[in-house]
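Below is one structure, written out as structure tokens; the observations come after it.
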Amino acid sequence: MMFIPSANKDILDFLSRWNKDKKDDYTPFQLRTIKMNKQKNGHDCGVYVCVFAELFLLGHKLSSLSDSDMMYHRCRIAHSLLHDKLSPIGTRF
């Protein structure tokens, strides 16, 4: 059995109850732990969350992201918001 920290277990329990209450055909789900790099500073957390979510949804390796990539991703996210369309990873500015 995988160790799940208390906060993660509480979130999983809440989501399970919410899912069961909202659907007639309850579909159980599992919590997965994904190994990835962690930020080393106190100001890039939002960028990390956005980029990790994007990489995960696109099926890319999460371990390839590092602190040195954050300024690029900040610019890419800003460009996406300003132009109202997603700027794919690899876009040059």
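The values are calculated or read from the model by the stated rules, or taken from the named source; none is laboratory data. Owing to the predicted nature of the structure, the values given are computational and were not obtained by experimental measurement. With ideal geometry, Cβ positions are generated from the backbone for all residues, glycine too; neighbour counts draw on all protein chains shown. Side chains included, ligands, DNA and RNA excluded: accessible areas come from the protein's heavy atoms. Shrake-Rupley method; radii C 1.70, N 1.55, O 1.52, S 1.80 Å.
Could you say whether any residue in the stretch 67-86 is in a helix (DSSP H, G or I), modelled with pLDDT under 85 and open to solvent by 60 Å² or more (accessible area, probe 1.4 Å)?
Start the filter on the stretch 67-86 by keeping residues that are in a helix (DSSP H, G or I), which leaves 67-83.
Still in the list and also modelled with pLDDT under 85: none.
There is no residue in the stretch 67-86 that is in a helix (DSSP H, G or I), modelled with pLDDT under 85 and open to solvent by 60 Å² or more (accessible area, probe 1.4 Å).
Taking the stretch 55-66, which residues are assigned to a helix (DSSP H, G or I) and either closer than 16 Å to K38 by Cα or in contact (Cβ under 8 Å) with a residue 40 or more places away in the chain (or both)? Lay out the reasoning, then the answer.
First, the residues of the stretch 55-66 that are assigned to a helix (DSSP H, G or I): 55-58, 62-64.
Once the filter is applied, which keeps residues that are assigned to a helix (DSSP H, G or I) and either closer than 16 Å to K38 by Cα or in contact (Cβ under 8 Å) with a residue 40 or more places away in the chain (or both), the stretch 55-66 yields L55, F56, L62, S63, S64.
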